[in-house]
1. If you take the residues in the range 217-254 that are of a type in the set (Asp, Glu) and over 19 Å from the mean Cα position of the chain (by Cα), which one is modelled with the highest pLDDT?
2. Only residues in the range 121-149 that are within 20 Å of Ala165 (Cα to Cα) count as the first member; pair them with residues that are among the acidic types (Asp, Glu) and assigned to a helix (DSSP H, G or I), Cβ under 7 angstrom, at least 6 apart or cross-chain, and list the lot.
3. Return a yes/no flag: does the range 237-257 have any residue that is surrounded by 14 or more Cβ atoms within 10 Å (Cβ to Cβ), of a type in the set (Phe, Trp, Tyr) and without any contact (Cβ under 8 Å) to a residue 24 or more places away in the chain.
4. Provide a single number: the residues in the range 138-177 that are assigned to a helix (DSSP H, G or I) and either of a type in the set (A, V, I, L, M, F, W, C) or modelled with pLDDT under 85 (or both).
5. Hey, can you tell me all the residues within the range 215-231 that are of a type outside the set (D, E, K, R), surrounded by 14 or more Cβ atoms within 10 Å (Cβ to Cβ) and more than 17 Å from Ile187 (Cβ to Cβ)?
6. Look through Leu73, Leu77, Leu56, Leu42 and report the one residue that is in a helix (DSSP H, G or I), at pLDDT 75 or above and either in contact with an Asp or Glu (Cβ under 9 Å, 6 or more places away or on another chain) or closer than 26 Å to Met182 by Cβ (or both).
7. Does Ile174 satisfy the criteria of being more than 16 Å from Met83 (Cα to Cα), in contact (Cβ under 8 Å) with a residue 24 or more places away in the chain, surrounded by fewer than 24 Cβ atoms within 10 Å (Cβ to Cβ) and β-branched (Val, Ile, Thr)?
8. How many residues does the range 177-192 contain that are buried (at least 21 other Cβ atoms within 10 Å of the Cβ) and over 13 Å from the mean Cα position of the chain (by Cα)?
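The values are calculated or read from the model by the stated rules, or taken from the named source; none is laboratory data. Keep in mind the model is a prediction, meaning the values are calculated, not measured. As a convention, Cβ positions derive from the backbone with ideal geometry for all residues, glycine included, and neighbour counts pool all protein chains shown.
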Amino acid sequence: MSTLEWTRKKSRLFRELNTVVAVMARDITVFLKSPGMVIMSLGMPLVMMGMIGGNLMQNLGVGLAFQFGKFMLVGMLVNMLFMITSMGMTSLVDDHETDFNQEMLVSPVSRYSLVIGKTCGSMFGAIISIAGTLIVGLLMGVTLIASQLLLVLALSPLMCLSGGALAMMLIGVIKNKKTANMAVTLIVMPQMFLSGAIIPIHNSSGVLMILSRLMPMTYCLDLMRAVVYAGSPEYSSVVMFDPLINFAAILALTVICLMIGTFLFAKSQKNR
């Protein structure tokens, strides 16, 4: 490779990274300037973990081969990462209406850089929701040790990217903010129940089993529980698949959703 070619590739790489950072920084700034979004990220866990999870823990957590509180806490952490990231991706619809997307798409940068930057920006609010979930869990007497918490944080970007890629498939064809929010809710809420976030799915069969295997959150949850429960006697009762299988499934589904979603998004912008 000649020096000129290397310089061009290096310049292009920096341009793409700069795009990701710029879009991410813009979304984080918008988030911090919107008190309602901050309150929602911190308050949503109170409803999801405190009310729904608390009720299930008191009524369904008896007689299981594992501690239901910890099982549910990990599930809620992944669910919040998916939910907040997916909801954050709907801001692409607002950007469409203000022509921000058009200005970005006419620049010589990859569409994937724009989408990944948007996902990383949405990830910030999702990480805030982790803090809210952990606080609610602490009040309920359910906690993770420091090493487990570090593993959860390390895997969080992968979970957010998976959730954001799934949301892109809908946002690519929806141009109304209200409709986009409803559509994202329709893909996140069923996953909370069918992927095993708060209800074990080891014995699911038929259509329910097929649906659960098609959902990215199923593998994200199983991978997260695999690292949290590693070495514990409860591992076999909680984890369904080998961690490598989960990781491969997450990557495959994320890449497929990201490619399809980005293609539909870029195509819709060209057809304006």
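1. Asp242
2. Going by the 7 Å Cβ cut-off, the qualifying pairs are Gly121/Asp27; Ser122/Asp27.
3. The answer is yes, given that some residue of the range 237-257 is surrounded by 14 or more Cβ atoms within 10 Å (Cβ to Cβ), of a type in the set (Phe, Trp, Tyr) and without any contact (Cβ under 8 Å) to a residue 24 or more places away in the chain.
4. 22
5. Leu223, Met224, Ala226, Val227, Val228, Tyr229
6. That would be Leu77, the only listed residue that is in a helix (DSSP H, G or I), at pLDDT 75 or above and either in contact with an Asp or Glu (Cβ under 9 Å, 6 or more places away or on another chain) or closer than 26 Å to Met182 by Cβ (or both).
7. yes
8. Summing the residues that are buried (at least 21 other Cβ atoms within 10 Å of the Cβ) and over 13 Å from the mean Cα position of the chain (by Cα) in the range 177-192 gives 1.
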